[in-house]
1. Can we say Lys118 is under 13 Å from Val178 (Cα atoms) and exposed (fewer than 14 other Cβ atoms within 10 Å of the Cβ)?
2. What are the residue pairs meeting all of these: first residue in the stretch 84-111, first residue closer than 13 Å to Trp149 by Cβ, second residue small (Gly, Ala, Ser), Cβ atoms under 9 Å, and 6 or more apart or on different chains?
3. Are there strands (runs of 3 or more DSSP E) fully within the stretch 82-123 with at least 2 residues that are among the charged types (D, E, K, R)? List them.
4. Scan the stretch 136-177 for residues that are part of a loop (DSSP other than H, G, I, E, B), within 16 Å of Leu120 (Cα to Cα) and of a type outside the set (Gly, Ala, Ser) and jot them down.
5. Take the residues in the stretch 151-177 that are within 15 Å of Arg128 (Cα to Cα) and either at pLDDT below 90 or outside the structural domain of Leu120 (by TED's automatic domain parsing) (or both), then tell me which one is surrounded by the most Cβ atoms within 10 Å (Cβ to Cβ).
6. Checking the conditions here, which among Phe96, Phe113 is out of contact with any helix residue (DSSP H, G or I) (no Cβ under 8 Å at 6 or more places or on another chain), surrounded by 14 or more Cβ atoms within 10 Å (Cβ to Cβ) and within 27 Å of Gln11 (Cβ to Cβ)?
7. Can you tell me which residue among Asp146, Asp152, Asp130, Asp176 is more than 20 Å from the chain's Cα centre (by Cα) and either charged (D, E, K, R) or over 25 Å from Ala9 (Cα atoms) (or both)?
8. Would you confirm, using the coordinates I've provided, whether Lys43 is basic (Lys, Arg) and surrounded by 12 or more Cβ atoms within 10 Å (Cβ to Cβ)?
Amino acid sequence: MVDSNTVLAGQTVAYTLYVLAIMAMMAWFAVRVTQQGGNQGVKPVLFYAFVGFLVVCGVSLHVITYNTIPWAPLDLNRARIRPDREFTITVEKHTFTLPAGKITVACNEKVLFNVVSKDLTYGFGLFRKDNSMVFQMQVLPGHVNDLLWQFDRAGVYSIRSTEYSGPAGIRMIERDSVVVTCDNRAIQ
């Protein structure tokens, strides 16, 4: 599975170039419209050709980047995928209750995180050591809140609430609570 940091970097470049092309069109249009003289305005053929080009580029970007999203194959085939491991995590009174204190997972296992809220709406996010997010979901009381994920590299991750649930929610961090091992070793 492609790391979400890699996906984000690629999408940042692609969408930045796309926005710059849109801004160039807007600048070109503004200059042409505000010019004085007999040749005012933009020729409709050029304008609509450029707009069509931008539409094709925008749709192409979405189609191309769709397959780079790490969780897309898991979500699309969710009904046919059986998780290798399942962990139920309960959230109540601004506290995560984990099974057995820590969650240990082997690389390439498909893991189902089933998160149950007993009182408020919370977030459930997994974060790397550098505080960048791996994934997150909203956790609603009275609803099924589960997320299927496949880890492909060793690491130690923290769980945090990613939703505002009142002032006490700022302390909802379970540091180093998910350990992923590959070949019997984890990155510390």
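The values are calculated or read from the model by the stated rules, or taken from the named source; none is laboratory data. Worth saying up front: this structure is predicted, and the values here are computed from it rather than measured. Reconstructed Cβ throughout: ideal geometry from the backbone, glycine too, with neighbour counts over all protein chains shown.
1. On the way: under 13 Å from Val178 (Cα atoms): no; exposed (fewer than 14 other Cβ atoms within 10 Å of the Cβ): yes.
Against the criterion (under 13 Å from Val178 (Cα atoms) and exposed (fewer than 14 other Cβ atoms within 10 Å of the Cβ)), Lys118 does not qualify.
2. Asp84/Ala106; Arg85/Ala106; Ile103/Ser177; Cys107/Ala154
3. On the way: elements: 85-92, 95-97, 103-106, 110-117.
It comes to 85-92.
4. To start, the set of residues in the stretch 136-177 that are part of a loop (DSSP other than H, G, I, E, B) comprises 140-145, 151-154, 161-166, 172.
When the remaining residues are screened for being within 16 Å of Leu120 (Cα to Cα), the result is 140-145, 161-166, 172.
Within the stretch 136-177, Leu140, Pro141, His143, Val144, Asn145, Thr162, Glu163, Tyr164, Met172 meet the criteria.
5. Pass one, the stretch 151-177, residues within 15 Å of Arg128 (Cα to Cα): 151-162, 173-177.
If we keep only those that are either at pLDDT below 90 or outside the structural domain of Leu120 (by TED's automatic domain parsing) (or both) as well, we get 151-153.
Values: Phe151: 21, Asp152: 12, Arg153: 11.
Residue satisfying both the conditions and the ranking: Phe151.
6. Numbers: Phe96 fails: within 27 Å of Gln11 (Cβ to Cβ).
Just a single option satisfies the conditions, and that option is Phe113.
7. Working: Asp146 fails: more than 20 Å from the chain's Cα centre (by Cα); Asp152 fails: more than 20 Å from the chain's Cα centre (by Cα); Asp130 fails: more than 20 Å from the chain's Cα centre (by Cα).
Just one listed residue meets the conditions, Asp176.
8. no
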